[in-house]
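Bear in mind these aren't lab numbers, they're just calculated from the coordinates by the rules spelled out. The structure displayed is predicted, hence computed values, not measured ones. Neighbour counts run over all protein chains shown; Cβ positions are idealised from the backbone, glycine included.
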Amino acid sequence: MSDQAHMRAEHDLAPGEEEQHSVGTRILGYVVGLVLALLLTATSFFIAGTDLVWQPSIPVALIVLAIAQMGVHLVFFLHITTGPDNTNNVLALAFGLLVVFLVVGGTVWIMAHLNANMPAMDQIMPMRR
């Protein structure tokens, strides 16, 4: 690798890839992540509790802030980046999300079908006697 490419690679690091640097640089990455997470949390509480925001847009704003906070946690604390060495981490995260969506979606699907196919209580009570 040439010196110029090495210098570019050295300074082109994601927040979770500071292993080559000092402890202070790594702590700074965690502090920046903490400040961003706190800012997003405070903004969520502010939006939910104020009348300054158009009321029908509050759920959308909270969803956007939640997705942004998940991104902050993934990058700054879980060190999920787009680097080639993080392929296994990204695949494990994707598989975990698939399992969660299957479990939650399957549960909702089962509950909806049970609710639709369950007889009314006045029909159940004569069966019990």
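With 0.36 nm allotted per residue and the present C-alpha distance subtracted, the Ala112-Asp85 stretch has 5.5 nm of extension available.
Couplings 3J(HN,Hα) for segment 76-86, derived from phi with the Karplus relation 6.51 cos²θ - 1.76 cosθ + 1.60 (θ = phi - 60°), are 7, 10, 8, 6, 8, 10, 8, x, x, 7, 9 Hz, where x marks Gly and Pro.
Once the Cα-Cα distance is subtracted from the 0.36 nm per residue extended length, the Phe95 to Ile58 segment shows a gain of 10.3 nm. Note that segment 62-75 has calculated 3J(HN,Hα) couplings of 5, 5, 5, 5, 5, 5, 4, 5, 4, x, 4, 5, 5, 7 Hz, one per residue in order, obtained from phi through the Karplus relation 6.51 cos²θ - 1.76 cosθ + 1.60 (θ = phi - 60°); glycine and proline are x.
Please work out the FRET efficiency for the pair Ile27 and Met70, using the Cβ-Cβ distance as r and a Förster radius of 22 Å; give the result to the nearest 0.05. After rounding to 0.05, the efficiency reads 0.45.
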